[in-house]
1. Over what distance in Å are the Cα centres of region 33-57 and region 227-248 separated?
2. If ligands, DNA and RNA are left out, what is the accessible area of Leu183 with a 1.4 Å probe, given in Å² to the nearest 10?
3. What order do you get for 193-200, 316-323 when each peptide is scored by the mean count of other beta carbon atoms within 10 Å, highest first?
4. Using a 1.4 angstrom probe, figure out how much accessible area the chain has per residue, in square angstrom, rounded to the nearest whole.
5. More than 39 Å apart: what percent of Cα pairs in the chain qualify?
6. Rounded to the nearest 500, what is the 222 nm mean residue ellipticity of the chain from helices alone, with -39500 (n - 2.57) per DSSP H run of 4+ residues and division by all residues?
7. Any idea of Ile38's accessible area? Nearest 10 Å², probe 1.4 Å.
8. For region 137-150, take each phi angle, set θ = phi - 60°, evaluate the Karplus expression 6.51 cos²θ - 1.76 cosθ + 1.60, and give the result in whole Hz per residue in order, putting x for glycine and proline.
Amino acid sequence: MNARLERKLRYLSAIIAVGTMVGIAVNMSQGRTSPSSIVVGAAYGLQMCIAIGGLELFVLDGSLRARLGALSFTANLLVRSAIYAAIITLIQSLQLGEVIVGLPRDPAPQTFWSGFVLSAAIAIVMNLGFSIANLIGPRALWNFITGRYHSPVEENRFVLFVDIAGSTGLAERLGGIGIHRFLDRTFRLLTEAVVDYRGEVLDYVGDEIIVTWPEAVGAVECRPLQCFVAMREVLVAAAGQFEREFGAAPKIRGSLHFGLVIIGEIGDVKRAIAFNGDVMNTAARLEELSRNVDGGFIASRAAMEQFSSAPPLAVHDLGRLPIRGRADGIDVVGIA
């Protein structure tokens, strides 16, 4: 099972579990507390979450992802909410919860409308939450809600810098609007690999994307390395489309480092969770060095030593390279 399918099935299982509990809660909030009513509520929650969750993960976030991604935040929210409302209306009007449990349908119209309004309100709120999480990142949203980094903390992190090679020349040829569209399309593809391998997009800086993993998450199955390889693979698959539209296909180079990072909320009007420390600076300078090595990728020995399994691809020792800001240089490896 590939990483993307595994992730989506894991999300769907969580959605179904939560939705079933919500279905029970909706029925109980309407005074339906008998055992049969609780089962009916669970059945409604189960159906809606399978239908909406499956559609969201495998269609809206699958084959229709690019089209919906081209819409504005509000338009995207309205389209998704309309689809959710249609599914809820169908399930509620057919009273499939009662049908599955084997109970007679309730002919009272208020039963349909009360259930519809509650279910639709919950679905829209959840959709709004998902849309906001997509804007700032789901983990960043959760960290803001929980206040995890309200006061700065130190954490061991993998830090991956990925740069679009040759973007300066492309910018001169494509112009400002053209290069923005090129980078946007490229970053959208790259973030799919980030999500698949449980990374967190920290920032987009010019033609660069910065991705991080907590130590325990990134060490499993060499996820940062697998993420970079997956990024290259998805760009190779999309090369023909880029060539037709922009006259050039994106290529990437990158660097990986590991160490102690200071993480904390910063700012006021546009508050953000910032990452600081020598690890961030070193990772950025390693990315500069990656431009001059075969394979276009450099990983520090400090990062490689943290992995719990062998790398998924061949690596070769590059020895100790001099690096700006460090008198003793840094031990690194490259990939074929």
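The values are calculated or read from the model by the stated rules, or taken from the named source; none is laboratory data. On a predicted model such as this, the values are computed, not experimentally measured, just so you know. FYI the Cβ positions are ideal-geometry reconstructions off the backbone, even for glycines, and counts take in every protein chain you see. Side chains are part of the model used for accessible areas, which takes the heavy atoms of the whole protein and leaves out ligands, DNA and RNA. Shrake-Rupley method; radii C 1.70, N 1.55, O 1.52, S 1.80 Å.
1. 40
2. Using a 1.4 Å probe on the heavy atoms, I get roughly 30 Å².
3. 193-200, 316-323
4. 51
5. 27
6. Values: 13 runs with 191 residues, N = 336.
Computed mean residue ellipticity for the chain: -18500 deg cm²/dmol.
7. My reading of the accessible area for Ile38 is about 50 Å².
8. Using θ = phi - 60°, the values come out as x, x, 6, 5, 4, 5, 5, 5, 5, 7, x, 4, 10, 4 Hz.
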